[in-house]
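Accompanying notes for the structure given below.
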Amino acid sequence: MPGQPEIHGDRILLRPWRATDVDFVLSVSTDPLIPLISQVPDRPDAAGALAFVDAQRVRFESGRGWAWAVVPSGQEKAVGYVGALWVAQSAARASIGYWTGPAARRSGVTADAVRTASGWLLVEAGVARLEAYIEPWNEGSVRVAEKAGFEREGLMRSFAPIGGHRRDAYLYARIAPETT
Ligand SMILES: CC(C)(COP(=O)(O)OP(=O)(O)OC[C@H]1O[C@@H](n2cnc3c(N)ncnc32)[C@H](O)[C@@H]1OP(=O)(O)O)[C@@H](O)C(=O)NCCC(=O)NCCS
């Protein structure tokens, strides 16, 4: 089976995670939100950061989904994450997640990464419906999703525990283009 592909967007490259991304993972472990919504360790712990990178690297091979490091075009270092997990593979339904380190925010990188990844998943990877779950207060994430072609479908009450409390989430989705 071929590995997870690298994909170019307008201003970013999506590539598989590498062991050399550990320093970046350590740098976001002190972010107030990223460790709560991802497998990033919640303290700067080298073993935990390496475990994060390893988990991203095996996701595709294990058939659970996709996980890319987001790298600005022409650069080497990762500035963020975008990935997807099957929710119900038999129904071709998956969910997307994303985060970007504080230094690279508000530069359009995340919107390009999410637009690029979701377009590829819906056209090339057999995903028919791609969902995103966003807490209502998270205006930046709402903007990213809408710029990447996702539409809001409703509010899911008490959707998931985040930081010790159950949180509501907007349900967003982007649908594969018709092929017939
Ligand atoms: C939310 C997050 C992904 C936004 O990433 P970003 O790199 O700033 O996004 P972009 O630069 O691509 O910005 C896309 C749009 O969102 C807007 N935006 C970004 N952050 C914003 C904020 N905090 N408030 C309002 N608008 C915001 C940008 O201005 C831009 O809008 P524009 O094109 O109309 O000017 C980032 O802040 C983050 O990783 N936060 C922590 C993790 C998280 O919340 N992940 C998503 C969970 S659902």
Query raised in the report: For the chain, what size does the Cα cloud have along each of its three principal axes, sorted from largest down, in whole Å?
Result: 47, 40, 32
Requested in this report: Quick one: grab the alpha carbon gyration tensor of region 76-180, order the square roots of its eigenvalues as a ≥ b ≥ c, and give me rounded if a/c is under 1.5, else prolate or oblate depending on whether a/b is larger than b/c.
Outcome: oblate
Query - Whole-number percent relative contact order across region 7-175, with pairs defined as alpha carbons under 8 Å at least 6 apart - result: 18 percent
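Expressed as a whole percentage, what fraction of the accessible surface of the chain belongs to carbon and sulfur atoms when a 1.4 Å probe is rolled over the protein heavy atoms?
Using a 1.4 Å probe with all protein chains present, the chain comes out at 51 percent carbon and sulfur.
Rounded if a/c is under 1.5, else prolate if a/b beats b/c, else oblate: with a ≥ b ≥ c from the C-alpha gyration tensor eigenvalues square-rooted, which is region 1-99?
The shape class here is oblate.
For Gly9, what charge total do you get from the other residues with a beta carbon under 10 Å from its beta carbon, if Lys and Arg give +1 and Asp and Glu give -1?
Taking every other residue near Gly9 into account, the sum is 0.
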Report task. Considering only protein heavy atoms, with the full assembly of protein chains and a 1.4 angstrom probe, order Asp23, Asp31, Asp54 by accessible area, largest first. Result -> Asp23, Asp54, Asp31
Query - R0 of 25 Å, Cβ-Cβ distance Trp137-Asp42: FRET efficiency to nearest 0.05 - result: 0.80
Query raised in the report: What distance in nm separates the simple spin-label points at Arg152 and Arg64, each placed 7 Å from Cα in the Cβ direction?
Result: 3.1 nm
Query raised in the report: Say R0 is 22 Å: what FRET efficiency, to the nearest 0.05, do Arg93 and Arg11 get from their beta-carbon distance?
Result: 0.15
Query raised in the report: Per residue of the chain, what 222 nm ellipticity follows from adding -39500 (n - 2.57) for every DSSP H run with n ≥ 4, rounded to the nearest 500?
Result: -8000 deg cm²/dmol
**Report entry** Counted charge near Thr20, where neighbours are those whose Cβ lies closer than 9 Å (Asp, Glu -1; Lys, Arg +1)
**Finding:** -1
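The values are calculated or read from the model by the stated rules, or taken from the named source; none is laboratory data. Source: prediction; values computed, not measured. Cβ coordinates were reconstructed from backbone atoms using ideal geometry, including for glycine residues, and neighbour counts include every protein chain displayed. Side chains are part of the model used for accessible areas, which takes the heavy atoms of the whole protein and leaves out ligands, DNA and RNA. Shrake-Rupley method; radii C 1.70, N 1.55, O 1.52, S 1.80 Å.
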